[in-house]
Amino acid sequence: MSRADEIFIANCRDILDNGVWDTDLAVRPRWDDGTPAHTVKKFGIINRYDLSKEFPILTIRRTYWKSAIDELLWIWQAKSNNVNELRTRVWDAWADENGSIGKAYGYQLGIKHHYPEGDMDQVDKVIWDLKNNPASRRIITNIYNHADLSEMALYPCAYSMTFNVSGGRLNAILNQRSQDMLAANNWNVVQYSVLTCMMAQVAHLEPGEFIHVIADAHIYDRHVPLIEEIIKNEPKPAPKFVIDPDIDDFYKFTRDSFKMEGYECSEFKEKIPVAL
């Protein structure tokens, strides 16, 4: 069984069996018909994935990992906030008439800051520290900038990464304030596991643990029957994740720099409604 499947099934079963419903509260999200989108949730879920052993992608349903990587590169490489520069359409609902999502995600990573080593943005500072100061316990990115929240189309969900080098391996923690378990959980796990592997390679390190900390892990009311169906599927072995070994420049990775060999998954053709 894929470790990602094991963790996802356990998380969803715990939320469904032991979670708290917010039906007694006024909630912001709405379904496309205007109905409030309520959730059942657990607070404070922590999942650990050992990237040295297997890559954490679901097999009980397909994760469109190429699209997930597209979005990752849009945020971390291009440092863009314009959906017209993104191949997938996942952000269209939050964009303005010009395609902008405001001062969010990639915009924040691209802001240059002053450091003793020189002026650079958050991504370049991570790369510099991993190469030049791997013993540092300060290798952190944070895009939850309170000064700019009012100018963001959506407050960042996955907002902070902490990188740490231990024994020649690169470990990372993703902090996430909110997680739609059906629509986004494994999408984010795949993205930030790939990011950890990318950073490890350019810094001549081996991938270690990826740790996912979720504050509010929830399942929307209309997603419950879909989740119940998915977690009944038979898990398959994890595929082999392959990254082009010749790339040593973070900005030279493309969506075609990665392969998922032997990826087998259960097909899931139900349309997933998205709450906005």
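The values are calculated or read from the model by the stated rules, or taken from the named source; none is laboratory data. All figures in this text were calculated on a predicted structure; none of them were measured in a lab. We place every Cβ from the backbone using ideal geometry, glycine too, and count neighbours over all the protein chains shown. Just the protein is used for accessible areas: all its heavy atoms, side chains included, with ligands, DNA and RNA removed. Shrake-Rupley method; radii C 1.70, N 1.55, O 1.52, S 1.80 Å.
Please state which of the following conditions residue 34 fails to meet, knowing it meets all the rest: (1) assigned to a loop (DSSP other than H, G, I, E, B); (2) surrounded by 13 or more Cβ atoms within 10 Å (Cβ to Cβ); (3) without any contact (Cβ under 8 Å) to a residue 60 or more places away in the chain.
(2)
In region 95-109, what count of residues is obtained for those that are farther than 10 Å from residue 148 by Cα and open to solvent by 50 Å² or more (accessible area, probe 1.4 Å)?
Count: 4.
Per-residue answers, yes or no, for (1) closer than 28 Å to residue 208 by Cα; (2) open to solvent by less than 20 Å² (accessible area, probe 1.4 Å); (3) outside any loop (DSSP other than H, G, I, E, B):
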residue	(1), (2), (3)
17	no, no, yes
26	no, no, no
44	yes, no, yes
53	yes, no, no
71	yes, yes, yes
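Taking residue 75, is it at pLDDT 95 or above, surrounded by fewer than 20 Cβ atoms within 10 Å (Cβ to Cβ) and not charged (D, E, K, R)?
When the stated conditions are applied, residue 75 does not pass them.
Within region 148-187, count every residue that is touching a residue at least 60 places away in the same chain (Cβ under 8 Å), touching a Leu at 6+ places or on another chain (Cβ under 8 Å) and open to solvent by less than 20 Å² (accessible area, probe 1.4 Å).
Qualifying residue count for the region: 2.
Quick one: in region 230-269, which of the residues that are of a type in the set (Val, Ile, Thr) and over 16 Å from residue 67 (Cβ atoms) is surrounded by the fewest Cβ atoms within 10 Å (Cβ to Cβ)?
242
I'm checking my understanding of the structure. Among residues of region 88-106 that are out of contact with any strand residue (DSSP E or B) (no Cβ under 7 Å at 6 or more places or on another chain) and without any contact (Cβ under 8 Å) to a residue 40 or more places away in the chain, which one is farthest from residue 122 (Cα to Cα)?
97
Restricted to region 80-94, and to residues that are of a type outside the set (Asp, Glu) and assigned to a helix (DSSP H, G or I), which residue is surrounded by the fewest Cβ atoms within 10 Å (Cβ to Cβ)?
84
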